[in-house]
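Take a look at the structure set out below.
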Amino acid sequence: MRLADKVAIVTGAGSGMGRAMAELFASEGAKVVVTDIVQERVDDVVQAIQSAGGTASGVLVDVSKEADTDAMINHAVDTYGRLDILVNNAGIMDAMTPITDVSNDLWRRILGVNLDGPFYAMRKAIPIMLEQGGGTILNIASIGGVQGGRAGAAYTTSKHALIGLTRNTGYMYGPQGIRCNAICPGGVETAIGLGGAPHEWGLQRMQTGAGNIGPAGKPEDIAAVALLLVSDEARFVNGAAWVVDGGWTAY
Ligand SMILES: NC(=O)c1ccc[n+]([C@@H]2O[C@H](COP(=O)([O-])OP(=O)(O)OC[C@H]3O[C@@H](n4cnc5c(N)ncnc54)[C@H](O)[C@@H]3O)[C@@H](O)[C@H]2O)c1
């Protein structure tokens, strides 16, 4: 019970890594607020956690809307009385689109979910954590946040920026008991897809070096590292962006 009595929010918890984290955290004693943009997924994961004997409640949230992320944080505090762990996991891809073909709409959509979402949630959560005397934030970035050729322009920008936000926040609030870290997953078997019909040339450029890709990871591989990062055992880890990619970027 490494997260006994902790209250955790996981965004995008209806599928993939978010679901794996929500279920693992609940099995370790956390009370989990399961949030996603798809209601059936929220209901399904809450049900699965409760059936396994855990504690969870669900909220329908579009993380790109500040009113939704506000309601999500308020729900955690109103329901469980505090907020210890915030995991910004919800994210979408950009079909590998290089900048000249990125429409304003695509740019805003990707940045809205992948960057505005974590920004809104963190800005609202941190004062609550400060008042409690601490808390921890985990942002799910990507190896697209540390390299230039793993996605399109908007996704790559959003994940680089998310790592910057992570480091700045960890540095600023570390002395006040808040840790803020990121995981940068490599290829993981989830439902994420490419985010639409892939941009042919962008995909071709992205696949250069793909011969070095090892087997894809499982959502549980990311959840295991996430559990360590949000638990007190990682108290000396702050402002870090951990690559978890089976060695793909090591070549
Ligand atoms: N799968 C990979 O290979 C991979 C690699 C690197 C990083 N990532 C990142 O990991 C995170 C999780 O992705 P996944 O692969 O588990 O994907 P997934 O599609 O399986 O799960 C993501 C969940 O987020 C939800 N979601 C989408 N938009 C949302 C919004 N606006 N508000 C709230 N919820 C929303 C979806 O409904 C879905 O349930 C993302 O941030 C993604 O960028 C994934």
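Based on the alpha-carbon gyration tensor of segment 78-154 and its eigenvalue square roots a ≥ b ≥ c, which shape applies: rounded if a/c is under 1.5, prolate if not and a/b is larger than b/c, or oblate? Prolate, because a/c is 1.5 or more and a/b exceeds b/c. Placing dummy labels 7 Å off each Cα toward the beta-carbon, the span from Glu40 to Arg123 is 3.5 nm.
Filter the DSSP H helices in the chain by two things, a Kyte-Doolittle mean of at least -1.0 and an axial alpha-carbon span of 20 angstrom or more, and list the hits by number. Working shown, then result.
Working: long enough: 66-80 (21 Å, -0.49); 117-132 (23 Å, 0.17); 153-173 (30 Å, -0.19).
Qualifying helices, which must be both long enough and hydrophobic enough, are 66-80, 117-132, 153-173.
Label reach from Arg205 (point 7 Å along Cα→C-beta): in segment 227-251, no amide nitrogen lies under 15 Å. The 1.4 Å probe gives accessible areas that order Asp221, Asp94, Asp78, largest first, as Asp78, Asp221, Asp94. Stretching the chain fully between Thr55 and Arg108 yields a gain of 15.6 nm (0.36 nm per residue, less the alpha carbon separation). Remark: segment 11-69 carries a charge dipole of roughly 120 debye about the Cα centre, counting +1 on each Lys and Arg Cβ and -1 on each Asp and Glu Cβ.
Classify segment 99-251: rounded, prolate or oblate, from the alpha-carbon gyration tensor (a ≥ b ≥ c, eigenvalue square roots; a/c under 1.5 rounded; otherwise prolate if a/b is larger than b/c)?
Values: a/c = 2.43, a/b = 1.51, b/c = 1.62.
Here segment 99-251 falls in the oblate category.
Rank these by accessible area, largest first, 1.4 Å probe: Met129, Met93, Met1.
On the way: Met129 0, Met93 25, Met1 155 Å².
Of Met129, Met93, Met1, the descending order of accessible area is Met1, Met93, Met129.
In this label model, Tyr251 and Ile99 are separated by 2.7 nm, measuring between points 7 Å along each Cα→Cβ vector.
Arranged from highest to lowest average of other beta-carbon atoms within 10 Å per residue, in what order do the peptides 20-28, 239-247, 58-66 appear?
Values: 20-28: 24.4, 239-247: 17.9, 58-66: 20.4.
Most protected by this proxy first, the peptides run 20-28, 58-66, 239-247.
Rolling a 1.4 Å probe over the protein chains gives Lys218 an accessible area of about 100 Å².
Excluding Ala71 itself, calculate the net charge of residues whose Cβ lies under 15 Å from the Cβ of Ala71, where each Lys or Arg counts +1 and each Asp or Glu counts -1.
-3
Within the assembled protein chains, the solvent-accessible surface assigned to Glu220 is about 110 Å², based on a 1.4 Å probe. Protection proxy ranking for 156-165, 34-43, using the average of other Cβ atoms within 10 Å per residue and placing the highest first: 156-165, 34-43. Taking other residues whose beta carbon is less than 11 angstrom from the beta carbon of Arg19, and scoring Lys, Arg as +1 and Asp, Glu as -1, yields -3. Between Arg2 and Asn168, the modelled labels are 3.0 nm apart [label points 7 Å from Cα along Cα→Cβ]. Relative to the Cα centre, the charge distribution of the chain, modelled as +1 at Lys and Arg Cβ and -1 at Asp and Glu Cβ, gives a dipole magnitude of about 580 debye. Along the charge dipole of the chain, pointing to its positive end and built from +1/-1 on Cβ of Lys, Arg, Asp and Glu, which listed residue (Asn88, Ala234, Asn168) has its Cα farthest out? My answer, from the dipole projection, is Asn168. Here the relative contact order of segment 1-147, from alpha carbon pairs under 8 Å that lie six or more residues apart, stands at 24 percent.
The values are calculated or read from the model by the stated rules, or taken from the named source; none is laboratory data. Being a predicted model, the structure only gives us computed values, none of them experimental. Cβ sites come from the backbone with ideal geometry, for glycine too, and all protein chains shown count toward neighbours. Side chains included, ligands, DNA and RNA excluded: accessible areas come from the protein's heavy atoms. Shrake-Rupley method; radii C 1.70, N 1.55, O 1.52, S 1.80 Å.
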